[in-house]
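**Student:** The structure is given below, and queries will be raised subsequently.
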Amino acid sequence: MNVIVIGSGGREHAIIKKIKENSKVKTVYALPGNGGIAQDATCVNIGAKDIDKIVEFAAQNKIDYAVVAPDDPLVLGAVDALNAIGVPCFGPDKAAAIIEGSKVFSKNLMKKYNIPTACYEVFSDVDAALKYLESAPIPTVIKADGLALGKGVIIAQTRQEAVDAVNSIMKDRVFGESGSKIVIEEFLTGPEVSVLSFCDGKTIIPMISSMDHKRALDNDMGLNTGGMGTVAPNPYYTPEIAKTCMETIFLPTVKAMNAENRTFKGCLYFGLMLTQNGPKVIEFNCRFGDPETQVVLPLLKSDLFDIMLACTNGTLSDMNIEFYDNYACCVVMASQGYPKKYETGFKIDYDKNDPNIFVAGAKLEGSDIITSGGRVLGITATAETLKQAITLAYSKVEKTQFENKYYRKDIGQSALKAL
Ligand code: AMP
Ligand code: GLY
């Protein structure tokens, strides 16, 4: 089969390496891919949001299947457009991708179907939002309705910060049209867990749990990023909590989407917080997480491509999905300065034969791979214990060289303490 994978990050690199293990997969094209992905797939210079060009490419190159990995093309309807020319896809259609594309939609869905989440109010009027903040409990959480490159969530520790956040999102439109509506919600506390799941619209099978490290600096200080590292499984996510989540969150969400005529097929990502009052949903994503994928897929024993086809065909209940009984740790190596300003263009020296090194912000220049983005590489290691996985990941990080490199030194430390 000829397969296209849409996207250009470490997540896409991990997906591509894994689907190539299936003998049905003959050719993989990455649109646009990156300098490291070019080792494993044919990169085609078409942007992930350029749906017309993606469809044209698929039609001209006898594409049999597409994996749409990032949020933007999913929310824009890439799956609908590819299906319309007869190309089956892994990923939700536009109607279902709204579960990530609109926070107002997802909060209202949870309220309507009794899925546990933080209490909230929705505002489309600045003055009403500011009035509400005069008496809202502090800290409070302010979320732009639409996609905002993972930056649309502001945790306000003071009333003034909350007012500033509302003004910058709704008046100054720092996130563009995403800020035409906002959600103001209750601040929750507790350990966070990411659970990615396979879903075919009827059956939902959770993958192994993971823990992201979203802040830029050690000890969870500094700015929010796309994710600076991950470990799996997440030690806070006990079998008992998993059972509760299945009953109160995962199955009700699948049913709710069906009841709304928005059947979800693909990877449904649950961002959970384990509060004193039980697990609650912080966010839904309509796709694999990055860098969660870089720890979850290396632990997947079963064949990813067959599972993807089953999600598309509605035959997931026939699949027996297994994970290795190991731990994984992924350390993201970034450009110094990320998520703010950073320099790029430096040659990267890494072990190209390591199956668990995933390239993100890098491009080819002649035969060199040079840095081109904020998050440059995800370095994953798996082992029998979490401690071994962490040690091994960091030893590979130390062998990986590029000018201006930056990484957190404490990925997995809080998980180790929890164990
Ligand atoms: P998101 O962009 O939706 O992933 O949110 C970014 C981060 O903000 C989450 O990983 C949480 O750490 C935090 N967050 C979001 N909503 C809440 C909430 N209601 N209470 C506490 N923290 C939150
Ligand atoms: N790592 C968080 C996300 O992919 O949204």
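**Student:** For a quick check of your reading of the model, give me the residue pairs whose first member lies in the stretch 53-71 and is over 14 Å from P88 (Cβ atoms), whose second is basic (K, R) and assigned to a helix (DSSP H, G or I), with beta-carbon atoms closer than 9 Å and at least 6 apart or on different chains.
**Tutor:** A69/R11; P70/R11
**Student:** Which ones in the stretch 289-312 are among the hydroxyl-bearing types (S, T, Y) and touching a residue at least 24 places away in the same chain (Cβ under 8 Å)?
**Tutor:** Taking the stretch 289-312 first, the residues among the hydroxyl-bearing types (S, T, Y) are 293, 302, 312.
Passing the criteria: T293, T312.
**Student:** Within the stretch 206-245, can you find the residues that are farther than 13 Å from V195 by Cβ and touching a helix residue (DSSP H, G or I) at 6+ places or on another chain (Cβ under 6 Å)?
**Tutor:** V231, P235
**Student:** Quick test for you: out of G289, G271, pick the one residue that is within 16 Å of ligand 1 (Cβ to nearest atom) and surrounded by fewer than 19 Cβ atoms within 10 Å (Cβ to Cβ).
**Tutor:** On the way: G289 fails: surrounded by fewer than 19 Cβ atoms within 10 Å (Cβ to Cβ).
Going through G289, G271 in turn, just one is within 16 Å of ligand 1 (Cβ to nearest atom) and surrounded by fewer than 19 Cβ atoms within 10 Å (Cβ to Cβ): G271.
**Student:** State which residue pairs qualify: first residue closer than 18 Å to I99 by Cβ and inside the stretch 137-152, second residue near ligand 1 (Cβ under 8 Å from one of its atoms) and acidic (D, E) in any location, beta carbons under 9 Å apart, and separation of 6 or more residues or different chains.
**Tutor:** Once the first residue is closer than 18 Å to I99 by Cβ and sits in the stretch 137-152, its partners that are near ligand 1 (Cβ under 8 Å from one of its atoms) and acidic (D, E) give K143/E185; K143/E283.
**Student:** Please work out if G266 is in a loop (DSSP other than H, G, I, E, B) and not β-branched (V, I, T). It would help to see each step written out before you state the result.
**Tutor:** Details: in a loop (DSSP other than H, G, I, E, B): no; not β-branched (V, I, T): yes.
Criteria not met by G266.
**Student:** For the stretch 3-24, enumerate the residues that are crowded, with 19+ Cβ neighbours inside 10 Å and assigned to a loop (DSSP other than H, G, I, E, B).
**Tutor:** If the condition is that a residue be crowded, with 19+ Cβ neighbours inside 10 Å and assigned to a loop (DSSP other than H, G, I, E, B), then S8, G9 are the ones that fit.
**Student:** A further question on this structure: Restricting to the stretch 305-350, name every residue that is within 19 Å of the chain's Cα centre (by Cα) and within 30 Å of D410 (Cα to Cα). Give the derivation first.
**Tutor:** Looking only at the stretch 305-350, we keep the residues that are within 19 Å of the chain's Cα centre (by Cα), and these are 305, 307-308, 311, 328-334, 338-339.
A328, C329, C330, V331, V332, M333, A334, Y338, P339 - these are the residues of the stretch 305-350 that are within 19 Å of the chain's Cα centre (by Cα) and within 30 Å of D410 (Cα to Cα).
**Student:** Pick from G146, G226: which is closer than 18 Å to C267 by Cβ, at pLDDT below 95 and in a loop (DSSP other than H, G, I, E, B)?
**Tutor:** Numbers: G146 fails: closer than 18 Å to C267 by Cβ.
Only one candidate qualifies: G226.
**Student:** For residues that are more than 16 Å from ligand 2 (Cβ to nearest atom) and out of contact with any Lys or Arg (no Cβ under 7 Å at 6 or more places or on another chain), scanning just the stretch 186-196, find the one that is most open to solvent (accessible area, probe 1.4 Å).
**Tutor:** At the first step, the residues of the stretch 186-196 found to be more than 16 Å from ligand 2 (Cβ to nearest atom) are 186-190.
Then keep just the ones that are out of contact with any Lys or Arg (no Cβ under 7 Å at 6 or more places or on another chain); that gives 186-187, 189-190.
Values: E186: 71, F187: 77, T189: 92, G190: 38 Å².
Selected residue: T189.
**Student:** Could you tell me which residue of the stretch 186-204 is farthest from Q294 (Cα to Cα), considering only residues that are touching a Leu at 6+ places or on another chain (Cβ under 6 Å) and within 13 Å of ligand 1 (Cβ to nearest atom)?
**Tutor:** Filtering the stretch 186-204 for residues that are touching a Leu at 6+ places or on another chain (Cβ under 6 Å) and within 13 Å of ligand 1 (Cβ to nearest atom), the one farthest from Q294 (Cα to Cα) comes out as G190.
**Student:** Here are the criteria: (1) farther than 23 Å from P339 by Cβ; (2) surrounded by fewer than 16 Cβ atoms within 10 Å (Cβ to Cβ). Tell me which single one P116 does not satisfy.
**Tutor:** (2)
**Student:** With open to solvent by less than 30 Å² (accessible area, probe 1.4 Å) and at pLDDT 95 or above as the only criterion, which of T382, T400, T344 stands out? Break it down stepwise before answering.
**Tutor:** On the way: T382 fails: open to solvent by less than 30 Å² (accessible area, probe 1.4 Å); T344 fails: open to solvent by less than 30 Å² (accessible area, probe 1.4 Å).
The conditions single out T400.
**Student:** Give me the residue from the stretch 273-287 that is part of a strand (DSSP E or B) and in contact with a helix residue (DSSP H, G or I) (Cβ under 8 Å, 6 or more places away or on another chain) and, out of that set, nearest to ligand 2 (Cβ to nearest atom). I'd like the intermediate steps shown before the answer.
**Tutor:** Step one: filter the stretch 273-287 for residues part of a strand (DSSP E or B), giving 273-275, 278-285.
Checking which are in contact with a helix residue (DSSP H, G or I) (Cβ under 8 Å, 6 or more places away or on another chain) leaves us with 274, 278-279, 281, 283-285.
Working: L274: 17, G278: 22, P279: 17, V281: 14, E283: 8, F284: 10, N285: 5 Å.
If we take residues in the stretch 273-287 being part of a strand (DSSP E or B) and in contact with a helix residue (DSSP H, G or I) (Cβ under 8 Å, 6 or more places away or on another chain), then N285 is nearest to ligand 2 (Cβ to nearest atom).
**Student:** For residues that are hydrophobic (A, V, I, L, M, F, W, C), within 21 Å of the chain's Cα centre (by Cα) and over 20 Å from D351 (Cβ atoms), tally how many sit in the stretch 20-45.
**Tutor:** Result for the stretch 20-45: 2.
**Student:** I would also like to ask the following. Looking at the stretch 235-251, can you tell me whether even one residue there is open to solvent by less than 60 Å² (accessible area, probe 1.4 Å), part of a helix (DSSP H, G or I) and within 16 Å of ligand 1 (Cβ to nearest atom)? Please lay out each step first, then the result.
**Tutor:** Let us first name the residues in the stretch 235-251 that are open to solvent by less than 60 Å² (accessible area, probe 1.4 Å), namely 235, 237-238, 241-242, 244-246, 248-250.
Now restrict to residues that are part of a helix (DSSP H, G or I): 241-242, 244-246, 248-250.
Remaining after also requiring within 16 Å of ligand 1 (Cβ to nearest atom): 249.
Checking the stretch 235-251: at least one residue is open to solvent by less than 60 Å² (accessible area, probe 1.4 Å), part of a helix (DSSP H, G or I) and within 16 Å of ligand 1 (Cβ to nearest atom).
**Student:** I would also like to ask the following. Pull out all pairs, ordered by first then second residue, where Cβ-Cβ is under 8 Å, the residues are six or more apart or on different chains, the first lies in the stretch 214-232 and is in contact (Cβ under 8 Å) with a residue 40 or more places away in the chain and within 10 Å of ligand 2 (Cβ to nearest atom), and the second is of a type in the set (V, I, T) and open to solvent by 80 Å² or more (accessible area, probe 1.4 Å).
**Tutor:** none
**Student:** Now for a separate question. Find the residue count for the stretch 205-233, including only residues that are within 27 Å of P252 (Cα to Cα), within 13 Å of ligand 1 (Cβ to nearest atom) and open to solvent by 10 Å² or more (accessible area, probe 1.4 Å).
**Tutor:** 2
**Student:** Quick one: how many residues across the stretch 323-341 are in contact with a Leu (Cβ under 8 Å, 6 or more places away or on another chain) and surrounded by fewer than 21 Cβ atoms within 10 Å (Cβ to Cβ)? Walk me through it before giving the result.
**Tutor:** Looking only at the stretch 323-341, we keep the residues that are in contact with a Leu (Cβ under 8 Å, 6 or more places away or on another chain), and these are 323-324, 326-329, 332-333, 339-340.
From what's left, surrounded by fewer than 21 Cβ atoms within 10 Å (Cβ to Cβ): 323-324, 326, 339-340.
Of the residues in the stretch 323-341, 5 are in contact with a Leu (Cβ under 8 Å, 6 or more places away or on another chain) and surrounded by fewer than 21 Cβ atoms within 10 Å (Cβ to Cβ).
**Student:** Can I ask one more? Any idea which of L299, L316 is in contact with a helix residue (DSSP H, G or I) (Cβ under 7 Å, 6 or more places away or on another chain), more than 16 Å from ligand 2 (Cβ to nearest atom) and either open to solvent by 40 Å² or more (accessible area, probe 1.4 Å) or modelled with pLDDT of 95 or more (or both)? Before you say what the answer is, go through the steps one by one.
**Tutor:** Numbers: L299 fails: in contact with a helix residue (DSSP H, G or I) (Cβ under 7 Å, 6 or more places away or on another chain).
Just a single option satisfies the conditions, and that option is L316.
**Student:** Okay, moving on. Any chance you could count how many residues in the stretch 163-185 are aliphatic (A, V, I, L, M) and open to solvent by 20 Å² or more (accessible area, probe 1.4 Å)? Please lay out each step first, then the result.
**Tutor:** Residues of the stretch 163-185 that are aliphatic (A, V, I, L, M), as a first pass: 163, 165-166, 169-170, 174, 182-184.
Of the ones still in play, those that are also open to solvent by 20 Å² or more (accessible area, probe 1.4 Å) are 163, 174.
The number of residues fulfilling the criteria is 2.
The values are calculated or read from the model by the stated rules, or taken from the named source; none is laboratory data. Predicted, not measured: the structure shown is a model, and the values here were computed from it. Here Cβ is always computed from backbone atoms with ideal geometry, including for glycine, and neighbour counts include all displayed protein chains. Only protein heavy atoms, including side chains, enter the accessible area calculation; ligands, DNA and RNA are left aside. Shrake-Rupley method; radii C 1.70, N 1.55, O 1.52, S 1.80 Å.
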